[in-house]
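The structure under discussion appears below in the form of structure tokens.
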Amino acid sequence: MSTRALHRLNSHATFISVMYTKCSMPSPQRCVSRRYRWPIACLLLTAGLTTHTGAQSLPVEPLIQPEQPAQPTRIDRLHTSMADSVNIAARWFDSFFEDERYIAEEASSRIRLRPSLLLQEGESAKLKFSVGARLNVPRFNRKLKLVISDEGDSTTDNLDSRRFTTPESNETNIGLQFILHERDRLNTNITSGVKLGGAHGVDFFIGPRVRKTWRLDLWQLRFTERIRWYTDIGWESQTRLDLERVIHNTWFFRSTLNSRAREDDYRDSGLRYDLSPALTHQLNNRTAIEYKWSTSFVTRPRQRIEETGFRLRFRQQFWRDWLFYEINPQLVFRNNDDFRATPGIEFRLEASFGGLDVKPEKTVPRKN
């Protein structure tokens, strides 16, 4: 307690004592009736204590001032811009190449027609015409989609024993997909439908798909898991990991690990997986080239390489925004052919209707 506050408190106590003594004297001129002396004394004492408390509660300046947060510098802003550009570039390349990573999560409706011709040394020409559609069901706020496809899932194609051969399949998948969660970093949905034309004629399926993305400084890690149950082949799990980043303006690098475990062929082939590093170059807004090396493995009856090969994929938009053509030369080495070099080339034409109104940026963001 400070000296000034103590002195003031003693003065109040002395005044209260005098008043109490005078009010206690038996005189007709006493200042206050005897019955009011205790309330007045308490009131005066409280006033003195309040004055002392106010003197103690005066603000005190801190000896050490807290540090102010540092303002972001030009380098910090450039770092953030480069980190954000990875996701934008991934979406641009996936949309331009009509990749499953983009198509499976696209908000708008789309119909795709794709004729292709594959020529390989020692094999007959393979001509294929495939159709794909993803249509929003009215009155469901883009949460429910009708999905139609007569070509295999891209992840399944990558894990076939003949990775660089267009699958010869007469199957058609028809299903309904419901979007559970749709965000930039997390997307979940569930699909139920029927597969027509397989070994059992009609095969029903149902299962969820989850995609989660993490930012790792200048890199981006993308995890995708799809689980389905089929009435003819049982359970199937497909897992994909993508590690990607932008390199020198219009160059985009992605390394992919795919794996598939399926109940009907697990005893014979075990776990199928492949490793596929790829480098993609945007030449301009209408043209891009992808350089990819893929190697496929199986784990049963022993760990072995099934196929490895290099493919150059040249894709260009022409005449209309919805028309594309591709020229894709390749060189493949297969286990069942003693890893003999097998050259080949694929010609592809594609018409994509819809979805053009919500495509991401036309160019890959450039570093300053």
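Out of all the residues in region 282-301, is one or more acidic (Asp, Glu), part of a strand (DSSP E or B), under 23 Å from the mean Cα position of the chain (by Cα) and modelled with pLDDT of 95 or more? Scanning region 282-301 turns up at least one residue that is acidic (Asp, Glu), part of a strand (DSSP E or B), under 23 Å from the mean Cα position of the chain (by Cα) and modelled with pLDDT of 95 or more. Residues in region 266-276 that are of a type outside the set (A, V, I, L, M) and loosely packed, with under 15 Cβ neighbours inside 10 Å: Arg267, Asp268.
Inspection of region 254-267 finds a residue satisfying the criterion of being at pLDDT 95 or above, among the small types (Gly, Ala, Ser) and either out of contact with any Cys (no Cβ under 9 Å at 6 or more places or on another chain) or in the same structural domain as Thr231 (by TED's automatic domain parsing) (or both).
Residue check: is Thr308 more than 19 Å from Gln282 (Cβ to Cβ), surrounded by 15 or more Cβ atoms within 10 Å (Cβ to Cβ) and touching a Gly at 6+ places or on another chain (Cβ under 9 Å)? No, not satisfied.
Only one of the listed residues (Ser237, Ser276, Ser259) is in contact with a helix residue (DSSP H, G or I) (Cβ under 8 Å, 6 or more places away or on another chain), of a type in the set (Gly, Ala, Ser) and in contact (Cβ under 8 Å) with a residue 12 or more places away in the chain. That residue is Ser276. Annotation: of all residues in region 329-338 being at pLDDT 95 or above and surrounded by fewer than 19 Cβ atoms within 10 Å (Cβ to Cβ), the one that is nearest to Glu306 (Cα to Cα) is Phe333.
Could you list, in sequence order, the residues of region 279-303 that are basic (Lys, Arg) and either more than 22 Å from Pro343 (Cα to Cα) or without any contact (Cβ under 8 Å) to a residue 12 or more places away in the chain (or both)? Result: Arg286, Arg300, Arg302.
The values are calculated or read from the model by the stated rules, or taken from the named source; none is laboratory data. Because the structure is predicted, anything quoted here is derived from the model rather than measured. Here Cβ is always computed from backbone atoms with ideal geometry, including for glycine, and neighbour counts include all displayed protein chains.
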